[in-house]
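The values are calculated or read from the model by the stated rules, or taken from the named source; none is laboratory data. Remember, predicted model here, so these are calculated numbers, not experimental data. All Cβ positions, even for glycine, are placed from backbone atoms using ideal geometry, and neighbour counts span all protein chains on display.
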Amino acid sequence: METSSSSVHREPWNKGKIVGQKAPFKLKDIWALRVRLQLEGRVRELALFNLGIDSKLRGCDLVALKVRDVCHGDQMSTRAIVMQHKTLRPVQFEITAGTREALQIWIKQAALKSDDFLFPSRLHESPHLGTRQYARILGHWVDELGLDRADYGTHSMRRTKATLIYRRTKNLRAVQLLLGHAKLESTVRYLGIEVDDALEISEQTEI
């Protein structure tokens, strides 16, 4: 007897895995990985890492970017705006000088055109890098940094710059806009700032 495709049980990708809020990368980790990727000539990974940090995009939005989203002709954009798949809300982000340089080198090396996906997949069934592929690449980065994979995930990339900006400015509204959250409460939960602030106050209190 044949089994219909609709009745086939598929286990969720995260079954048996620890899921939850992932830690942002620290500045020393960011620079350590950047230097490693540069020295080893891992051009695609450097472009992916830098843009992931700058854009603060969810993995599904990052991997679906096209060349035209970050580049106009031969000119790299200093800012980009993307429609988020999850919320259908536009979000804008800055593309820093280092990221622009890494992207320009990658686009030239891969001979990408304006309508091409920025990070094409090396698998035939996918036109661009998939979220699972992105997660595997990030897992290797975490290993290379000597960190625990259980503590980090693709959302670590999304949280890193947002967390740094909040710690420097304490401007929740700005971080909300940068992350594209509809509600401020979502940003508070996402950053876990109530816990961080409580610890910071505790550390500054002498007994």
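Just a few scattered comments:
- Any hit, the stretch 103-113, residues being buried (at least 16 other Cβ atoms within 10 Å of the Cβ), free of Cβ contacts under 8 Å to residues at least 40 places away in the same chain and among the basic types (Lys, Arg): no
- Here Arg68, Arg89, Arg79 are screened, and the one residue that is closer than 19 Å to Ser121 by Cβ and either at pLDDT below 95 or touching an Asp or Glu at 6+ places or on another chain (Cβ under 8 Å) (or both) is Arg68.
- Put simply, of Leu46, Leu62, Leu51 the only residue that is among the aliphatic types (A, V, I, L, M) and in contact with a Gly (Cβ under 7 Å, 6 or more places away or on another chain) is Leu62.
- Residue under evaluation Ala135, criteria (1) surrounded by fewer than 20 Cβ atoms within 10 Å (Cβ to Cβ); (2) at pLDDT below 90; (3) of a type outside the set (Ser, Thr, Tyr); (4) within 16 Å of Leu51 (Cα to Cα), criterion not met: (2)
- Condition check for Phe25: within 23 Å of Tyr166 (Cβ to Cβ), modelled with pLDDT of 90 or more and among the hydrophobic types (A, V, I, L, M, F, W, C): yes
- Exactly one residue among Thr187, Thr163, Thr169, Thr205 is modelled with pLDDT of 85 or more and among the polar types (S, T, N, Q), and that residue is Thr163.
- Residues (among the β-branched types (Val, Ile, Thr) and either under 14 Å from Ser156 (Cα atoms) or surrounded by fewer than 21 Cβ atoms within 10 Å (Cβ to Cβ) (or both)) located in the stretch 29-77: Ile30, Val35, Val43, Ile53, Val67
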